[in-house]
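Some notes on the structure that comes next.
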Amino acid sequence: MADDSVAAVHTLGRRPLAFEHPKLTQHVVDFRAFDGLSTGLLPPLPAVQEVFLALGTTIKAAGSQQAFRAVDHDANLAVARAALAQGASRLGLVSAMGADPQSRIFYNRVKGELERDVQQLQYAGLVIARPSFLVGDREALGQPRRPGETLALAASRRLGWLIPDDYKAIEAAQVAAAMLRTVPSAEGARVLSSGQMRRIAPAAAAPA
């Protein structure tokens, strides 16, 4: 938001963010209530140029596969459709490594179906980020800690030289920085792996 080229930022989230800014307008939305592709549960959106989708949950937190899909697929796609209708020409989507609409793994299949469906929306530019294991300060965002996250991060740091770049844990801030640096100028569809995002946004340069 410190970027002078950004006039305003609108966020759609499950809870208010812990900070305020003159350019920031926050909208609280119950994404669990989404059914199909309906946009009726979304607040009116202003004219926008870019949209970033990073909404996600877990099957455990959602309570069922149906509830998980309502958030990870239906709600994301509804926002993408609504933003396109308001003039957005470029979209950044945080997906997952292994996303595949034909996957036998439910999580990967839903992620792959979302990728497929947003590619059909005719955005001029689309960047799909497929991070490996995402790490960050979940508690600061009011999210529950994931037991395996600390272990995965420690293993990545100790055995990093043995782990292929695309499989190493990556900071959420690096993913965000890579998206901010690629989406505004995106033309056509582009997929970013963890290794590519790490090179675009080194950890020391990633925003806090």
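Using the Cβ-Cβ distance between Q122 and V191 with R0 = 22 Å, the FRET efficiency computed as 1/(1 + (r/R0)^6) comes to roughly 0.80.
Just subtract the alpha-carbon distance of T11 and A61 from 0.36 nm times their residue separation and send over the number in nm, one decimal.
Values: separation 50, 0.36 × 50 = 18.00 nm, distance 2.16 nm.
Between T11 and A61, full extension yields an extra 15.8 nm.
Annotation: amide H-H contacts under 5 Å for A129 (H modelled 1.01 Å from N, sequence separation of 5 or more, or interchain): L93, V94, S95, L192. Partners of K111 within straight-line reach, counting lysines whose Cα lies under 22 Å from its Cα and excluding those fewer than 8 residues away in the same chain: K60, K168.
Since every read-out is calculated from the coordinates, none of them should be taken as a lab result. Worth saying up front: this structure is predicted, and the values here are computed from it rather than measured. Note that each Cβ is placed from the backbone with ideal geometry, even for glycine, and that neighbours are counted across all protein chains shown.
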